[in-house]
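This report refers to the structure that appears directly beneath it.
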Amino acid sequence: MADDLLTYLAPATIVTWHRPCTRFELDQPAWRLLVERMAEADWSLLGLWADVDWIHMALRDEVEGGVAVASVPVIDGRYPAVSPVRPGAIRLERVIRDLWGHEADGAVDTRPWLDHGRWPDRRPLSPHPVATPPDAPTAEAYAFLPATGDGLHQVPVGPIHAGIIEPGHFRFTANGETVVRLEARLGWLHKGIESLMQGLAPADAARLACRISGDSAVAHALAFARAAEAAADIRPPPRADWLRAVMAELERIANHLGDIGAICNDVAYAFMSAECGVLRERCLRAAAACFGHRLMFDRIVPGGVAGDIDADQVGVLRRLVHGIRPAFRKLIDVYDNQASLADRLVGTGTVRPELVHRFAAGGFVGRASLRAVDARKAAPYPPYDKLDWPIPLFGEGDVNARVWVRIREVEASLDLIDALLDGLPGGPIAVAMPARAGEGLALVEGFRGEIMTWVRLDAAGRVGRCHPRDPSWFQWPLLEAAIEGNIIADFPVCNKSFNCSYAGVDL
Amino acid sequence: MSQWPITLRRLFAPSLTEGAPPADPAGMAQLAAAVDSAARRRLGRSLALRAVDAGSCNGCELELHALANAFHDLERLGLKFVASPRHADVLLVTGPVTTNMREALHRAIEATPDPKWVVAVGDCAAGTGVFAGAYGVAGPLSSFTQVDLVIPGCPPTPVQLLAGLRCLLEPG
């Protein structure tokens, strides 16, 4: 039973056109055995998604490091559930049923997720959608999980919140001020991005990938481009890889600066918010000056990048890094010595390492609770295979630890940008995408954590199916655990410390 | 270290805040057509803004947030974000209006007291943007409600947002 993931799957049928990792086709009995094996094996769930007649699941062996995709055919609209052994699969199975109509046998939770009973058609991605009946239960009829006891009361919040923030509904059950249970109800932003991507040329689908979650425009575009390139079996030129990494690190720094400021602002320390806001704005202005867009939308295209930078623009980035570094150091010194911040942020919103591990949560949520997985190191993609930097790791799992992960990552990313500019190779910045069929999977580290994107290209080189899995899928459920036992008034700061994407999971 | 050395230096250093852009002429023309001058006089020279995300990718939200930073300092113009639509003069709507958000958006519009302005922020709110034709999109915004002003962009930059919002402050 000591098999690693790839050895375990080796007897299954190998799909030869899947890259770079192997995809194995299993029958339903073999899939059931795989799920049983997962109950004991340290194989983390990277994604679970559907195609017309197939369910695909990406796994990583946390001991050996191997990544594989396992696929099972859907028979009579059903497949064996994964959620009994991987709680991270619960919402993904609900999405598969809402979008495709495929039922997971033995699923832990069979309530709808994205389908609020308002779309014209049910199972909109299936080849045979059905009209939503006029008496379909809407979001109001949703059966929230019960919490019973003397003196418990419910506080419904959202979908529209006080503030400039994305929509989501949060149902708190509280005893006095203390939260006994929180349940999130998302899906308000569902547009149907996966369906829109189907049939598009990769270059057009990349524009949608950029807008999956605007704050991760670079990371999602990069994951899509890498998956499409793997499917078409091409490699972008080295200069494109390095420029992509510069953008990815710049995006990480800008977002972390915004988060650090916003977390402090949520406990009424406006000074940090103002100062971090200045640094963030400098990042966005440098992005506009060097890449032509403040949030770097549409800069990464399948095959390479949309534009090059010249020596002056390299200078802009150098000055940005050298300006932020000392200013940020002073702010961190302030953060570290402010008793009022420590009073509110230390010990608030704690997530246990076991839970983070069970959900395979990445990013600052994982790294604040001892889970060190970083896609840039776990399966290094260029140019990170040629670079080294520290991965910060904290064990407290509270809001403060999530801030410290961000602080250390800002510092590491500033150094990375310097290293990237030092080593920036010359040459072309893009290659053409061939019209070739294939399947590709990409794992990319965005500022929130690991993004997994899977792409199937048809013979004309167009997108047959694309599934982008945002890191927030495995972080949102942990927020519900983090808030338990905290007061409702601390929810905003806990939520901000997670900063999960709403748009990225609603799609 | 405490914050005070930094704060003190900020007090004596040149201000980071930049001159606000003038009102966008295109926006002025839209407003003249959409809102009668009596209403514009009543709304006055200071406006409460309420942002509603009706399907945005969150890019527009990031730039709305950037309006508050030291470079743009929205509040100096008499514009401020409020928590409730009941306190708002202006609704800033982002996103292509998803089917799932349609009712919540409708309730937010109903909750905003008249006279009010509805502003479509970004290309998605203006005309569903890159999400045009998606089955989960019910928009654009103008198919549900009168849109008084459009601030285009994907997303609009803070300067474009300021130029658009300043139109609301100009006397009709």
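Straight Cα distances below 16 angstrom link A:Lys386 to the lysines A:Lys377, with same-chain residues fewer than 8 positions distant left out. In chain A, which helices (entire DSSP H runs) extend 30 Å or more along their own long axis, judged by Cα positions, while averaging at least -1.0 on the Kyte-Doolittle scale? Qualifying helices: A:238-266, A:270-291, A:311-336, A:399-423.
Computed over the stretch A:263-365, the percent of Cα pairs more than 17 Å apart is 68. To the nearest 0.05, what FRET efficiency results for B:Thr145 and A:Asp105 with a Förster distance of 56 Å applied to their C-beta separation? So, using R0 = 56 Å, E works out to roughly 0.80. Across A:Tyr8, A:Tyr502, the residue with the most accessible area heads the list, and the full order at a 1.4 Å probe is A:Tyr8, A:Tyr502.
The listed residues A:Met38, B:Met28 rank as B:Met28, A:Met38 when sorted by accessible area, largest first, using a 1.4 Å probe.
Relative to its residue count, the stretch A:193-494 spans a Cα convex hull of 116 Å³ per residue.
Projected onto planes of every orientation and averaged, the convex hull of the alpha-carbon atoms in the stretch A:161-215 covers 5.4 nm².
Within chain B, helices built from complete DSSP H runs that reach 15 Å or longer along their own axis (Cα positions) and carry a mean Kyte-Doolittle hydropathy of 0.0 or higher are B:158-169.
With every protein chain in place and a 1.4 angstrom probe, the accessible-area ranking of A:Trp454, A:Trp242, largest first, reads A:Trp242, A:Trp454.
Cross-link partners of A:Lys330 among lysines, defined as those whose alpha carbon lies under 20 angstrom from its own and excluding same-chain residues fewer than eight positions apart, are absent. What is the protein assembly as shown by shape, rounded, prolate or oblate, if you read a ≥ b ≥ c off the alpha carbon gyration tensor as root eigenvalues and call it rounded for a/c under 1.5, prolate for a/b larger than b/c, and oblate otherwise? In terms of gyration-tensor shape, rounded.
By its C-alpha gyration tensor, with a ≥ b ≥ c as the square roots of the eigenvalues, how is the stretch A:304-442 shaped: rounded for a/c under 1.5, else prolate for a/b larger than b/c, else oblate? Because a/c hits 1.5 or more and a/b fails to exceed b/c, the stretch A:304-442 counts as oblate. Per-residue ellipticity at 222 nm, computed for chain A from helices alone with -39500 (n - 2.57) per DSSP H run of at least four residues, works out to -12500 deg cm²/dmol.
Working note: 222 nm ellipticity from helices only, DSSP H runs with n ≥ 4, each -39,500 (n - 2.57), summed and divided by the residues of chain B, gives -10000 deg cm²/dmol to the nearest 500.
Maximal additional length on extending the A:Thr7-A:Asp312 stretch stands at 104.7 nm, based on 0.36 nm per residue less the C-alpha distance. Between rounded, prolate and oblate, where does chain B land on the alpha carbon gyration tensor, with a ≥ b ≥ c its root eigenvalues, rounded for a/c under 1.5, else prolate if a/b exceeds b/c? Here chain B falls in the prolate category.
According to the calculation over all Cα-Cα pairs in the stretch A:144-185, the P(r) per 10 Å bin from zero is 29, 48, 20, 2 %.
Using Cα positions and a limit of under 27 Å, work out the lysines in reach of A:Lys191, with same-chain residues fewer than 8 apart set aside. Hits, sequence-local ones excluded: A:Lys496. The C-alpha atoms of the stretch A:5-131 occupy a region whose extents along the principal axes are 45, 29, 24 Å, arranged from largest to smallest. In this rough spin-label picture, where each label sits 7 Å from Cα along the Cβ direction, the B:Ala111-A:Asp233 distance is 5.6 nm.
The values are calculated or read from the model by the stated rules, or taken from the named source; none is laboratory data. The structure presented is a predicted model; accordingly, all values stated were derived computationally and were not measured. Virtual Cβ from ideal backbone geometry, glycine too; neighbours counted across all protein chains shown. When the accessible area is computed, the model is the full protein with side chains, heavy atoms only, and any ligands, DNA or RNA have been set aside. Shrake-Rupley method; radii C 1.70, N 1.55, O 1.52, S 1.80 Å.
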